[in-house]
Amino acid sequence: MKKVISILLTVTVIAVGVVFMTIKNKPSITVISPTKDDVITPGSDVEIKWATKNIPDTYKVPVAIRRIPPPPLQEEGQEFDPVIFTNLENSGVANWTVSNMYPAGNYVLTLNAYESLPITDPVSKESDIFKIAEMTIGGQKDEGGCLIGAGYSWCEAKQICIRSFEKYCTKATPKAFVFKCDDSKSINATFYPTDDKFVDLVLSGEDEMRISLPRAISASGARYAKADESIVFWNKGDTAFVTEGTPAEETYSNCVLK
């Protein structure tokens, strides 16, 4: 009898262990932001953040948006394009400029992670519910509804309002990368491989800076700079750095691709 009980206990322990390891090793994706009750206005820049577990960095991450009640949803037809990004790198962050095509209301983002096309067995997760509000700020607007006083203008290629000194207006598919630097700083760099004339940067730090820099002549690596050379972004392979001022001072150093 004791032998039978011992065998049953061993089998139970093994079964529990198998179940635990299965759960522990299960692929998952978590949406970090937007968070619950965030209020976003059209034309604003929002960081979509996520974290993956047991999912390789080589996986791609598409992002879609859907509106949920209240208010009542449109019964027929498509209100807006639900696709935000189609083929992001699994970097954990993406910069999203919110289009003015979304009606005011409650929304969620859906993030998937998949290995390759055709998509099979994707790992999916929805964000918390957040709100997109109507733009309440006053001022003169251009024909695209962009607030001129705040420096926005209509980008036909992207179908959104942008500030040209922050974002490049192009139809080219963006590729976003994150570089981790010394002093807990980071660089979010968005390249446009088929239209490599500009790079869009988000420079973290005490005062976050968003800037779009044109491609400049360089003998080695990729170099993007303001006309007066007051800000220069260098990128070579998996490394990057930024210099600012005259004479140039390296303000983002030893940056490595995340």
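Here, each number is a calculation from the coordinates, and none is a lab measurement. Just so we're clear, the structure is a prediction, and the values are computed from it rather than from any experiment. Don't worry about glycine lacking a Cβ; one is built from the backbone with ideal geometry, like all the others, and counts go over all protein chains shown.
Of all the C-alpha pairs in segment 164-257, what % are more than 21 Å from each other? Value for segment 164-257 (Cα pairs over 21 Å): 23 percent. Seen from residue 161, the other residues with C-beta closer than 12 Å to its C-beta sum to a net charge of -1, counting Lys and Arg as +1 and Asp and Glu as -1. On a per residue basis, the convex hull of the C-alpha atoms belonging to segment 194-241 measures out at 94 Å³.
Computed extension length for residue 134-residue 253: 38.9 nm, one decimal, from 0.36 nm per residue of separation with the Cα-Cα distance subtracted.
When each of 109, 147 is scored by the number of other beta-carbon atoms lying within 10 Å, the sequence from fewest to most is 147, 109. Residue separation of residue 197 and residue 209 scaled by 0.36 nm, minus their Cα-Cα distance, works out to 2.3 nm of gained length.
In the chain, the sites counted are GluC sites (Glu not before Pro) in DSSP loop states with at most 16 other Cβ atoms within 10 Å, and the longest stretch holding none of them, exclusive of the sites, is 1-74.
Here the scattering of the chain is modelled by Debye summation over its C-alpha atoms, one equal scatterer each and no solvent; at q = 0.10, 0.12 Å⁻¹ the log10 of I(q)/I(0) is -0.61, -0.83. Every Cα-Cα pair of segment 28-132 was included, and the share exceeding 20 Å stands at 38 percent. State the extension gain, in nm to one decimal, for the chain segment bounded by residue 126 and residue 106, taking 0.36 nm per residue of separation less the distance between their alpha-carbons. That works out to 5.9 nm of additional length.
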